[in-house]
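Read through the structure below, which is laid out as C-alpha coordinates, and then see the notes.
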(Lines give C-alpha, C1' and ligand atoms only; values in the text may rest on other atoms or scores of the structure.)
Protein backbone atom coordinates (compact mmCIF):
# COMPACT_ATOMS: atom_id res chain seq x y z
CA UNK A 1 0.00 0.00 0.00
CA UNK A 2 1.14 3.51 -0.73
CA UNK A 3 1.16 5.85 2.25
CA UNK A 4 -0.29 8.91 0.48
CA UNK A 5 -2.70 7.14 -1.89
CA UNK A 6 -6.36 7.92 -1.20
CA UNK A 7 -7.46 4.60 -2.72
CA UNK A 8 -5.02 2.64 -0.55
CA UNK A 9 -6.45 4.51 2.46
CA UNK A 10 -9.94 3.41 1.38
CA UNK A 11 -8.76 -0.21 1.01
CA UNK A 12 -7.25 -0.06 4.51
CA UNK A 13 -10.40 1.52 5.99
CA UNK A 14 -8.65 4.76 6.96
CA UNK A 15 -11.02 6.74 4.71
CA UNK A 16 -14.70 5.79 4.56
CA UNK A 17 -16.36 4.91 1.27
CA UNK A 18 -19.69 3.75 -0.05
CA UNK A 19 -18.45 0.29 -0.96
CA UNK A 20 -20.56 -1.77 -3.35
CA UNK A 21 -18.31 -4.83 -3.85
CA UNK A 22 -15.25 -6.44 -2.33
CA UNK A 23 -13.31 -9.64 -2.87
CA UNK A 24 -9.79 -10.77 -2.02
CA UNK A 25 -8.10 -8.60 -4.67
CA UNK A 26 -10.58 -5.88 -5.64
CA UNK A 27 -12.80 -3.20 -4.18
CA UNK A 28 -15.59 -1.16 -5.80
CA UNK A 29 -17.12 1.98 -4.34
CA UNK A 30 -19.11 5.02 -5.41
CA UNK A 31 -17.14 7.94 -6.85
CA UNK A 32 -17.35 10.99 -4.54
CA UNK A 33 -17.53 13.27 -7.62
CA UNK A 34 -19.95 11.26 -9.75
CA UNK A 35 -20.52 11.94 -13.43
CA UNK A 36 -23.87 10.13 -13.11
CA UNK A 37 -26.00 8.45 -10.48
CA UNK A 38 -24.22 5.20 -9.52
CA UNK A 39 -20.78 6.22 -10.90
CA UNK A 40 -18.56 3.50 -9.41
CA UNK A 41 -14.80 2.97 -9.22
CA UNK A 42 -13.40 -0.55 -9.37
CA UNK A 43 -9.82 -0.86 -8.08
CA UNK A 44 -7.22 -3.49 -7.34
CA UNK A 45 -6.42 -3.60 -3.64
CA UNK A 46 -2.71 -3.64 -4.46
CA UNK A 47 -1.23 -0.23 -5.17
CA UNK A 48 -0.34 -0.12 -8.86
CA UNK A 49 -0.33 3.18 -10.75
CA UNK A 50 -0.72 2.02 -14.36
CA UNK A 51 -2.52 -0.82 -16.14
CA UNK A 52 0.64 -2.09 -17.81
CA UNK A 53 2.23 -2.59 -14.38
CA UNK A 54 -0.66 -4.67 -12.98
CA UNK A 55 0.32 -8.27 -12.24
CA UNK A 56 -1.64 -10.61 -14.53
CA UNK A 57 -3.55 -12.20 -11.63
CA UNK A 58 -4.66 -8.77 -10.35
CA UNK A 59 -5.75 -7.76 -13.86
CA UNK A 60 -7.83 -10.92 -14.16
CA UNK A 61 -9.45 -10.29 -10.78
CA UNK A 62 -10.12 -6.64 -11.59
CA UNK A 63 -11.91 -7.42 -14.85
CA UNK A 64 -13.76 -10.37 -13.33
CA UNK A 65 -15.10 -8.02 -10.65
CA UNK A 66 -16.04 -5.46 -13.30
CA UNK A 67 -17.89 -8.11 -15.29
CA UNK A 68 -19.74 -9.25 -12.17
CA UNK A 69 -20.95 -5.83 -11.03
CA UNK A 70 -21.48 -3.65 -14.11
CA UNK A 71 -24.96 -4.94 -14.90
CA UNK A 72 -25.99 -4.73 -11.26
CA UNK A 73 -24.89 -1.09 -11.09
CA UNK A 74 -26.99 -0.30 -14.17
CA UNK A 75 -30.01 -2.14 -12.71
CA UNK A 76 -29.71 -0.34 -9.37
CA UNK A 77 -29.95 3.12 -10.95
CA UNK A 78 -32.29 2.22 -13.82
CA UNK A 79 -29.71 2.80 -16.55
CA UNK A 80 -29.76 0.64 -19.70
CA UNK A 81 -26.03 1.09 -20.39
CA UNK A 82 -22.74 2.36 -19.04
CA UNK A 83 -19.50 3.86 -20.18
CA UNK A 84 -16.50 2.01 -18.79
CA UNK A 85 -13.17 3.79 -18.84
CA UNK A 86 -9.66 3.87 -17.48
CA UNK A 87 -7.47 6.95 -17.40
CA UNK A 88 -3.98 5.46 -17.60
CA UNK A 89 -1.36 8.04 -16.60
CA UNK A 90 -1.48 11.71 -15.65
CA UNK A 91 -1.67 12.95 -19.25
CA UNK A 92 -4.87 10.94 -19.77
CA UNK A 93 -6.56 12.64 -16.84
CA UNK A 94 -5.72 10.06 -14.16
CA UNK A 95 -6.03 12.07 -10.94
CA UNK A 96 -5.24 9.28 -8.46
CA UNK A 97 -2.13 7.28 -9.41
CA UNK A 98 -3.75 3.92 -8.56
CA UNK A 99 -5.38 1.85 -11.31
CA UNK A 100 -9.14 2.37 -11.32
CA UNK A 101 -11.97 1.64 -13.69
CA UNK A 102 -14.83 4.12 -13.95
CA UNK A 103 -18.29 2.61 -14.45
CA UNK A 104 -20.60 5.46 -15.41
CA UNK A 105 -24.25 4.48 -15.85
CA UNK A 106 -25.75 6.00 -19.01
CA UNK A 107 -29.18 6.85 -20.35
CA UNK A 108 -30.18 7.93 -23.84
CA UNK A 109 -29.94 11.69 -24.17
CA UNK A 110 -27.81 12.23 -21.05
CA UNK A 111 -25.36 14.38 -23.10
CA UNK A 112 -22.41 12.32 -21.91
CA UNK A 113 -21.06 11.69 -25.40
CA UNK A 114 -18.98 8.76 -26.59
CA UNK A 115 -15.68 7.72 -25.06
CA UNK A 116 -13.89 8.33 -28.38
CA UNK A 117 -14.81 11.99 -28.00
CA UNK A 118 -12.24 12.34 -25.21
CA UNK A 119 -9.43 12.90 -27.71
CA UNK A 120 -9.75 13.19 -31.47
CA UNK A 121 -6.82 13.33 -33.86
CA UNK A 122 -7.16 16.39 -36.10
CA UNK A 123 -5.86 14.40 -39.07
CA UNK A 124 -7.06 11.34 -40.93
CA UNK A 125 -4.31 8.79 -41.48
CA UNK A 126 -3.86 6.98 -44.77
CA UNK A 127 -3.34 3.21 -45.03
CA UNK A 128 0.46 3.54 -45.25
CA UNK A 129 0.64 5.50 -42.00
CA UNK A 130 -1.86 3.15 -40.30
CA UNK A 131 0.24 0.13 -41.37
CA UNK A 132 3.42 1.80 -40.04
CA UNK A 133 1.84 2.49 -36.65
CA UNK A 134 0.34 -1.03 -36.42
CA UNK A 135 3.77 -2.51 -37.21
CA UNK A 136 5.45 -0.36 -34.52
CA UNK A 137 2.94 -1.59 -31.94
CA UNK A 138 3.29 -5.26 -33.00
CA UNK A 139 7.10 -5.04 -32.78
CA UNK A 140 6.95 -3.62 -29.27
CA UNK A 141 4.48 -6.31 -28.18
CA UNK A 142 6.79 -9.05 -29.52
CA UNK A 143 9.64 -7.60 -27.44
CA UNK A 144 7.75 -8.14 -24.18
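Quick notes on this one:
- Count - residues of segment 1-23 that are over 14 Å from residue 66 (Cα atoms) and in a loop (DSSP other than H, G, I, E, B): 12
- Residues of segment 96-144 satisfying the condition of being modelled with pLDDT of 95 or more and under 15 Å from the mean Cα position of the chain (by Cα): 96, 97, 98, 99, 100, 101, 102, 103, 104, 105
The values are calculated or read from the model by the stated rules, or taken from the named source; none is laboratory data. The shown structure was predicted, so the numbers you read here are calculated from the model rather than taken from an experiment.
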